[in-house]
Amino acid sequence: MQALQILNSTFVPLPIENVDTDQIIPARFLKATTRDGFGKNLFRDWRYADDDVAKPKPDFVLNQSQYAGDILVAGKNFGCGSSREHAAWALLDYGFKAVISSFFADIFKNNALNNGVLPVTVSDQFLQAIFALNVTDTLTINVAEQTITIDATGLQENFELNPYKKTCLLNGYDDIDFLISQKAAIEQYELENG
Amino acid sequence: MGKTLFDKIWDAHVVKKIQDGPSVLYIDKHFIHEVTSPQAFKGIEKRGLPLFRPQQTIATADHNVPTLNQHLPIKDLLSKMQVDQLIENCEKHGVELYGLGHPYQGIVHVIGPELGITQPGMTIVCGDSHTSTHGAFGTIAFGIGTSEVEMVFASQCVLQSKPKTMRINIDGHLQNGVVSKDIILYIIAQISASGATGYFVEYAGSTIRSLSMEARMTICNMSIEMGARGGMIAPDDTTYAYIKGRAYAPKGAAWDKALAKWQTLYSDADAVFDAEININAADIPPMITYGTNPGLGMAIDANIPVTEAIMHEGEKKNLQQALTYMGLTGGSQLLGMPVQHVFIGSCTNSRIEDLRLVAELVKGRKKHDNVKVMIVPGSQQVAKQAHVEGLDRIFAEAGFQIRQAGCSACLGMNEDKIPAGEYCISTSNRNFEGRQGAGARTLLASPLTAAAAAITGVVTDVRALIHQS
Ligand code: SF4
């Protein structure tokens, strides 16, 4: 997993609520047996007409070249639906390093963090303030400080991040390494509860 | 202060609590399937690790399998590769696989309980969000991502932060024509698709106690659709009777020992929940959804909400987008609207009782000419039982197409898809855009409501039909 400390970037706005994992990556693209290459099918059915890559829908934000950046900003309850980690892989593969919303679905949040994509939960007002910005405006996310800042106005909010996950993210550690280091305790647990 | 059922099971499975962080939670049973496991197998192989406890993992092929001619090689090459990969991985790593052709094959959340693998007090995970189904037996069961599947492979543990607890009490008698699917659709419509995010839900009350295990599974199954990490129901005599005698159930002295332990699994009278909701069973009508998340549901005879009535900008936009996708207008009714498809299946409603319920209503009747009806049993064993009871003949006479076990049109990964723009009354659990195929329009409902529409060709209040017969 790639470490993430400070992110300063323009953003891609997606002011839609309840963006579910079937929109992020439709089920028919889950047939792969590797983690790579999902980015090209990110938001596939919102991005292209008739399931045809030759027909991008001009009104969808990923098809509008003025919007770019490492950060996706979406409406409330982002990532609801299935547990498919492919949703996090698709966002990562496309190039997003963080997603901002006023509310995230639980499993998605875990999956994103496990892949070094940072879910940043902000207040509804802050979210609306971001949606009101210009395309060229940038945001700064500081993982160590747990702050998100609108650079143009200096408006800042703190976001929650559990200290354990924070250490992982800052250093690029993953949970599996940690769990393997706990083997003795796990075997002891099995002995006592067998 | 007393403990909740959730706390009792959770506390018994914490190997270690990380300071200011999650807990290392021990997992008793791990289910895997072809779609979310290949990358996890690759992951441990890349690290040069063996499966830590292969005998605690059980595999099946369900999401991606064809539901016709399962004895023939899979035609879709990518699907075939994924299913073959599962076979190879299970062989290599010593995991029991109930794959295509095996008499135990079926949807992962149908076969676990059916084989008696799912037992009270366990922690159960699977790379699939509807793992919450197993909570009906008084287990902590929840969906995980593929990285977490890899964690279980490597250590038989996951890292989890303890969720908050919510209890939903449902008391009283259900109306005629109202079944457990209506209960859960009603709850989700009340509290929204994100109303239980951050919580683990316990369902309680006299209505829940009166339900069969299969009806309880339908309720726990859809807990995730209101954002909950999982749902659970305390075990009781109904639970024990269901498990007894099944393939993996404890036998003899082991049964007595297990039973004694299971009988301690309930929320203490003085346990405190972070949230509590009370529902009167008599208030629950037959339900149907009109939108593109399971929270957008209503009584079958109600009017679709009008967007103008919604104050919150985001919600208004959300409803507008949903109605546009669904081709529906606010203020109108769904009753009487023609549907082109009926899908009876999925881990929510594909068990033998669901099939019996449908057969009872359909017996001696024929499907409407304008509707295609697909009925997909949740497992080989369900299909077999349906045959023994003659249900398959009732369905065939009604003009239903009976298929073989799998997830099928619940998620449209295989060829079982609903064409763009057409309406499908579905007993599955998700009505997301494109869920049943690009452009498909899903109306979620109970097996009874689905069967009623199969007969009339239009959205129908099943109470009227029951009255007739
Ligand atoms: S039936 Fe549907 S919801 Fe259930 S496991 Fe299969 S795809 Fe998931």
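The values are calculated or read from the model by the stated rules, or taken from the named source; none is laboratory data. Computed from a predicted model, the values in this text were never measured in an experiment. Note that we place each Cβ from the backbone using ideal geometry, even for glycine, and neighbour counts take in every protein chain shown. The accessibility values were calculated without ligands, DNA or RNA, using every heavy atom of the protein model including side chains. Shrake-Rupley method; radii C 1.70, N 1.55, O 1.52, S 1.80 Å.
Considering only residues that are open to solvent by 20 Å² or more (accessible area, probe 1.4 Å) and part of a strand (DSSP E or B), which ones fall in region A:122-148? Listed by number, the residues that qualify are A:T140, A:N142. A:D70 satisfies every condition listed in (1) without any contact (Cβ under 8 Å) to a residue 24 or more places away in the chain; (2) of a type in the set (D, E); (3) closer than 19 Å to A:N134 by Cβ except (1). Considering only residues in region B:373-389 that are more than 16 Å from the ligand (Cβ to nearest atom) and open to solvent by less than 40 Å² (accessible area, probe 1.4 Å), the one that is farthest from the other protein chains (Cβ to nearest Cβ) turns out to be B:A386. Scanning region A:91-131 for residues that are closer than 20 Å to A:A68 by Cβ, among the hydroxyl-bearing types (S, T, Y) and either at pLDDT below 95 or touching a Leu at 6+ places or on another chain (Cβ under 6 Å) (or both) yields a single hit, A:Y94.
Taking B:D354 as the residue in question, decide whether it is in a helix (DSSP H, G or I), modelled with pLDDT of 95 or more and within 13 Å of the ligand (Cβ to nearest atom). For B:D354, the condition - in a helix (DSSP H, G or I), modelled with pLDDT of 95 or more and within 13 Å of the ligand (Cβ to nearest atom) - is met. Taking the listed residues B:Y240, B:Y248, the one that is open to solvent by 10 Å² or more (accessible area, probe 1.4 Å), away from the ligand (no atom under 16 Å from the Cβ) and touching a residue at least 60 places away in the same chain (Cβ under 8 Å) is B:Y248, with no other qualifying. Screening B:N349, B:N370 for residues that are within 16 Å of the ligand (Cβ to nearest atom), part of a loop (DSSP other than H, G, I, E, B), in contact with a Pro (Cβ under 7 Å, 6 or more places away or on another chain) and not aromatic (F, W, Y) leaves exactly one candidate, B:N349.
Within region B:111-135, the set of residues being part of a loop (DSSP other than H, G, I, E, B) and either away from chain A (no Cβ under 13 Å) or within 14 Å of the ligand (Cβ to nearest atom) (or both) comprises B:L115, B:G116, B:I117, B:T118, B:Q119, B:P120, B:G127, B:D128.
The listed residues are A:N41, A:N8, and the only one of them that is open to solvent by less than 30 Å² (accessible area, probe 1.4 Å) and farther than 25 Å from B:Q320 by Cβ turns out to be A:N41. Scanning region B:18-32 for residues that are at pLDDT 95 or above, open to solvent by 10 Å² or more (accessible area, probe 1.4 Å) and within 25 Å of A:T167 (Cβ to Cβ) turns up just one, B:Y26. For region B:91-103, the set of residues classified as away from the ligand (no atom under 16 Å from the Cβ) and within 25 Å of the chain's Cα centre (by Cα) consists of B:V95, B:E96, B:L97, B:G101, B:H102, B:P103, listed by residue number.
Looking at B:I304, B:I300, which is the one that is under 24 Å from the mean Cα position of the chain (by Cα) and β-branched (V, I, T)?
Values: B:I304 fails: under 24 Å from the mean Cα position of the chain (by Cα).
Within the list B:I304, B:I300, the selection yields B:I300.
On the stretch given as region B:348-364, residues that are open to solvent by 10 Å² or more (accessible area, probe 1.4 Å) and either β-branched (V, I, T) or touching a Gly at 6+ places or on another chain (Cβ under 9 Å) (or both) total 2.
Here B:V108 does not qualify as among the β-branched types (V, I, T), surrounded by fewer than 24 Cβ atoms within 10 Å (Cβ to Cβ) and either within 16 Å of the ligand (Cβ to nearest atom) or within 22 Å of B:S147 (Cβ to Cβ) (or both). Among the residues of region B:22-58, the one identified as acidic (D, E) and in contact (Cβ under 8 Å) with a residue 60 or more places away in the chain is B:D28.
Of the candidates B:A275, B:A234, the single residue that is surrounded by 15 or more Cβ atoms within 10 Å (Cβ to Cβ), under 23 Å from B:K162 (Cβ atoms) and over 21 Å from the mean Cα position of the chain (by Cα) is B:A275. Taken over region A:150-173, the criterion of being in contact with a Leu (Cβ under 7 Å, 6 or more places away or on another chain) and either within 12 Å of chain B (Cβ to nearest Cβ) or under 12 Å from A:V120 (Cβ atoms) (or both) is satisfied by A:K165, A:L169. Applying the criterion of being more than 22 Å from B:I219 (Cβ to Cβ) and away from every other protein chain (no Cβ under 11 Å) to the residues of region B:417-439, the residue that is farthest from the chain's Cα centre (by Cα) is B:G421.
Being polar (S, T, N, Q), more than 26 Å from A:P26 (Cβ to Cβ) and touching an Asp or Glu at 6+ places or on another chain (Cβ under 9 Å) is the filter here, so list the residues in region B:430-464 that pass it.
B:S446, B:T449 - these are the residues of region B:430-464 that are polar (S, T, N, Q), more than 26 Å from A:P26 (Cβ to Cβ) and touching an Asp or Glu at 6+ places or on another chain (Cβ under 9 Å).
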